[in-house]
Amino acid sequence: MDNVNNSGNEPEALTSELSQADIAALGIGAHPQSKKHRKRRLAIIITAAVFAVLILALVASFFGARWYYKDKAAPGVHLGDVAVAGQDAGQLKQTVDHEIRNSKIIISDGQGKKATADFKDLGVSVNVDKTVHNLMAAKGDGAGRVVPFSKSDIKLVAKTDDLPIDTYLTKTFVNDSDRAVPSSVAFDGNSNTFVANAGHGGRAPEMSGVKKSINTLIADPGETRSVKVAYKTIDTPVSENTAAAAADSANKILANKIVISNGDASQFEVPVAQLASWIKPDTDLEKGQINLRIDKDAILGYVNSETPKQLNQDMVSQQDIVDGNGKVMLTMTKGVNGVKVKDGDAVADQVYNAMTSSQPATIQQAADITKFDVKQTKSEMRIVVDRAAQTATVYKNDQQVKSFLVCTGKSGGDETNLGNYVIYLRYAVQTMRGPGYVSPDVRWVSYFNGGEGFHTADWNPVGIATGNPAAYGSHGCVNMNVNDAQWIYDNCPKGTLVQVVGAQPGGAVR
């Protein structure tokens, strides 16, 4: 019986020795709700993971969108009614051009006359590049740029002028004999000045409706608008005195020279006709005024196009002929610094400021300068022509090797020119021509200064023998005997230094 009782007490003793952690691990006495708790925790973990993945995807999508639209129009950007999101600069230009071409106004007078006009007909100037820039820059570059729900409507960057609108309407709807013509200002290429053209009163179309339609198309291009015009009888819309005063103001601007330099060796003056093209007389017919406007965009376009042509320079190495001691005897090619101009915006600003203030200006354009290098060539052969002694002495590495009797250019205007030169052109035989003479079959010709050179002079043995250029001198060349001229030809190649020294003798020196 004792054994049975001991055996029956074992489960109770075992349970009492287990810790609460052991019981929980074994699930002994576990409450049914603990399983639900674990399921809820698992669900929360899964939900948080999904949410984190979505956040990562959104962040990746955001930065991906910012990268994609970096050089493109942003989502939600419109030109009028046209969505341009995702278009690059080239595509935007095509879109802008297309919308400009398709912007039309059907104009009628209710009396049977009708015409269809576009921006060009009405003198509307559209800056396509600036419009494209505004489309690209719409919505900025912050975080909101790629948000597709915000919209940005961009209009054309355009300028209007009453005068071409009035001119078009008048020519289209009013007979020549009935027209009112405003006095105007125009540049005269013959006189290089602005002149005033007198106008007169008469019948004129009312253009307010057309102007309103133009402004609507600038904001929402690519459509066709319809408008009716009425007529009115008016005096000269702009007086001749007003036009004359505007012409005088324009000519004061033209009177000031604008010079642009590269800060090195080159500069140029902007032509008067070019300056005139930047002066825009804007006519306000309602106020009877002509206002002068300086076209800064046109100035910038000219500067960026023309100054590189005028001011850029390729670097040219200087070529020096030196003697045995390294002394420069002759610079055959003068060195030129390499120049590449830059920062056209700053130059355009200065031109614009000078013109608006009617002041002359010399403007130095910023440039990258490459300093020219110097290459020296030692002249092994050197010929010294001494006019006083009427000799030509040849040196090789500064050692005299030959001396010849010669007859140089004649006194009275044909003297052989003093200076340092090099032989640059040679002929074994040549027909020589000059003012008043022709010498056929001249042998062993070595030119060193333009038309001056060494050559055979069979016709001048006395002049060579006596050394008398005053009586027997040449037209500037160095006359020599046949063998002597041939020796020069055979032994003194192109690049040989020639030094002409000495005073011109008054008679024979031998």
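Here are some notes:
- Exactly one residue out of GLN359, GLN365 is out of contact with any strand residue (DSSP E or B) (no Cβ under 8 Å at 6 or more places or on another chain) and in contact (Cβ under 8 Å) with a residue 60 or more places away in the chain, and it is GLN359.
- The number of residues in the stretch 321-367 that are closer than 21 Å to ARG293 by Cα and not polar (S, T, N, Q) comes to 12.
- Filter result (out of contact with any Phe, Trp or Tyr (no Cβ under 9 Å at 6 or more places or on another chain), among the polar types (S, T, N, Q) and open to solvent by less than 70 Å² (accessible area, probe 1.4 Å)) within the stretch 320-346: THR331, THR333
- Among residues that are in contact (Cβ under 8 Å) with a residue 40 or more places away in the chain and open to solvent by less than 60 Å² (accessible area, probe 1.4 Å), THR224 is not included.
- Qualifying residue in the stretch 266-289 (condition: aromatic (Phe, Trp, Tyr) and over 30 Å from ALA180 (Cα atoms)): yes
- Verdict on VAL442 being crowded, with 18+ Cβ neighbours inside 10 Å and either more than 28 Å from ASN397 (Cβ to Cβ) or β-branched (Val, Ile, Thr) (or both): yes
- Pairs where the first residue, in the stretch 285-312, is under 21 Å from VAL128 (Cα atoms) and the second is part of a loop (DSSP other than H, G, I, E, B) and at pLDDT 95 or above, C-beta under 6 Å, 6+ apart: ILE294/TRP278; ASP295/TRP278; ALA298/TRP278; ILE299/TRP278
- Contacts under 9 angstrom Cβ, first residue in the stretch 199-211 being in contact (Cβ under 8 Å) with a residue 60 or more places away in the chain and closer than 12 Å to THR167 by Cα, partner polar (S, T, N, Q) and surrounded by 20 or more Cβ atoms within 10 Å (Cβ to Cβ), 6 or more apart: PRO205/THR170
- Listed conditions (1) surrounded by fewer than 16 Cβ atoms within 10 Å (Cβ to Cβ); (2) part of a loop (DSSP other than H, G, I, E, B) are all met by PHE372, apart from (1).
- Candidates are the residues of the stretch 463-497 that are β-branched (Val, Ile, Thr) and at pLDDT 95 or above; the one that is surrounded by the most Cβ atoms within 10 Å (Cβ to Cβ) is VAL478.
- Within the stretch 164-177, residues that are closer than 17 Å to GLY123 by Cα and open to solvent by less than 10 Å² (accessible area, probe 1.4 Å) reach partners that are part of a helix (DSSP H, G or I) and among the charged types (D, E, K, R) with beta carbons closer than 9 Å, at six or more positions or on different chains, in the pairs ILE165/LYS211.
The values are calculated or read from the model by the stated rules, or taken from the named source; none is laboratory data. Just so it is clear, the model here is predicted, and its values are computed rather than measured. With ideal geometry, Cβ positions are generated from the backbone for all residues, glycine too; neighbour counts draw on all protein chains shown. Just so you know, the surface numbers come from the protein's heavy atoms only, side chains and all, with ligands and any DNA or RNA stripped out. Shrake-Rupley method; radii C 1.70, N 1.55, O 1.52, S 1.80 Å.
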